[in-house]
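Have a look at the structure below before the remarks.
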Amino acid sequence: MAGQGTCYDDPNTDVKKRESVYHQVKELLDKGETVAVATIVSTKGSTPREVGAKMVVTAWGEILGTIGGGCGEADVKREAIEVIRTRKPRMVRIDLTDDISSDSPAVCGGIMNVFIDPWWKERDEEAANAS
Amino acid sequence: MSSLTSELIRISEENAAAVLATVIEVEGDGRVAPGAKCLVRDGRVVAETIGEPGIVRSIVAEADVHLRAEKSKLVELAVPETAGRLHVFFEVMPAPPKLVVVGAGHIALPLVRMAKILDFYVIVIDDRLLYANRERFPDADEVLVGDMARMLKEMTITPSTYIVLITRGHKYDEPCLREIIHSPARYIGMIGSRRRIKACFQRFRDEEKIAEEVIQRVYAPIGLDIGTETPAEIALSILAEIVKVRRGGSAASLSGR
């Protein structure tokens, strides 16, 4: 008979694990790829996604995650390919308030600043060695 | 071999909280380059590429502020001993919120399923094995059977814990509430009629001498007023209230009608 505080979790399974975007990033880095991690670091006005939203772009132009779609995302993708090529981070300002993008599928107006950062295996390992 | 990504993966798998600080922009003698990073977990640096102890120290202190607020933020920091300034993005990775559902009855079923969709770590507790079991709650992270009040007393409750008291009766809800009313839980909600709740609170004031501001923390009757009729609608109303408490909404229609 079950006693006090009996847990009905299967003892053979681990505690349920959270999946994160970094699982996929690590997989790509381990294959020797350089990827660009784009993060919305600040916004002004009404933007499709909030500060902290992330999108990973591979050298082949594949995308994981979203920073809101529309032409802003296309701009970030284009810049990300450059970041991967040069391995130098850059900041991109996406203005969704101008006339051109108001005709595009971007859902909201507003301005977002997106930091695009290159990640590759050696740089990833340097972080752990330094601590 | 360890790396920044392997530390980030470990943090997410262990359901831990952490902050990843990234230098975005450097003004003047900043001593670091954009892209330099520092990963802080439990107030300790677990990986970094900054290499300047003074800067790392101010980042660790700042990281704590943003983790408490559970909000990622771009911050300007002065570089110690120089005229330089850094723009640092603090990416906050809070531990997932924990929902404790006390009482495994008919409202608990939709409540647990919806809470999993909302990414809560969900614990169901009841004293009846017939109700609290894996077959009824395949989505729950933990299903516990035992004396409910005693299990709550022994549970680790943090400011990211949300507790819902929906047992089969008032004589179970009340002793459970007594065990958690002084806890740091972010949300405590108790089901019941206004009349029974009023009587319960009066006993808490008279017999337990529990302070009024402590009693006022309890959401009872539980949930937002959306005119619920079914158990699933009640579950939705409870979770809507929890999200409101967590994120700070007004719970009014956005259309303003």
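Observations
- Figure note: A:M55, A:M91 ranked by solvent-accessible area, largest first, 1.4 Å probe, ligands and nucleic acids not counted: A:M91, A:M55.
- Counting, for every residue in B:122-131, the Cβ atoms of other protein chains within 10 Å of its Cβ and taking the mean gives 1.
- Accessible area of A:T97 in the full protein assembly, 1.4 Å probe (Å², nearest 10): 80
- Cα convex hull, the protein assembly as shown: 186 Å³ per residue, rounded to a whole number.
- For segment B:135-257, the Stokes-Einstein estimate of translational diffusion at 10 °C and a viscosity of 1.306 mPa s comes to 101 µm²/s, using the Kirkwood hydrodynamic radius over alpha-carbon pairs.
- Take the Cβ atoms of B:V65 and A:H23, set R0 to 30 Å, and the FRET efficiency comes out at 0.60.
- Applying 1/(1 + (r/R0)^6) with r as the Cβ-Cβ distance of B:A16 and B:K198 and R0 = 51 angstrom yields a FRET efficiency of 0.80.
- Placing +1 on each Lys and Arg Cβ and -1 on each Asp and Glu Cβ, with no other charges, gives the protein assembly as shown a dipole about its Cα centre of roughly 1040 debye.
- Heavy-atom accessible area ranking, 1.4 Å probe, most first, across A:V21, B:V92: A:V21, B:V92
- Reported to the nearest whole Å, the Cα centre-to-centre distance from segment A:68-89 to segment B:159-183 is 50.
- Relative contact order, percent, segment B:77-150 [alpha-carbon distance under 8 Å, six or more residues apart]: 25
- All-pairs alpha carbon distance profile, segment B:22-110, 10 Å steps from 0, percent: 16, 43, 19, 9, 8, 5, 0
- DSSP beta bridges in the protein assembly as shown [antiparallel fraction, %, rounded to 5]: 70
- Taking all Cα pairs closer than 8 Å and separated by 6 or more residues, the relative contact order of chain B comes to 13 percent.
- Surface listing: B:K73, B:K209 arranged by accessible area from highest to lowest gives B:K209, B:K73, probe 1.4 Å.
- Every Cα-Cα pair in chain B was counted, and those over 24 Å apart are 57% of them.
- Charge context of B:G30, other residues only, Cβ under 15 angstrom, K/R +1, D/E -1: -3
The values are calculated or read from the model by the stated rules, or taken from the named source; none is laboratory data. Just so it is clear, the structure is predicted and the values come from calculations on it, not from any experiment. Neighbour counts run over all protein chains shown; Cβ positions are idealised from the backbone, glycine included. Heavy atoms of the whole protein, side chains included, go into the accessibility calculation; ligands, DNA and RNA do not. Shrake-Rupley method; radii C 1.70, N 1.55, O 1.52, S 1.80 Å.
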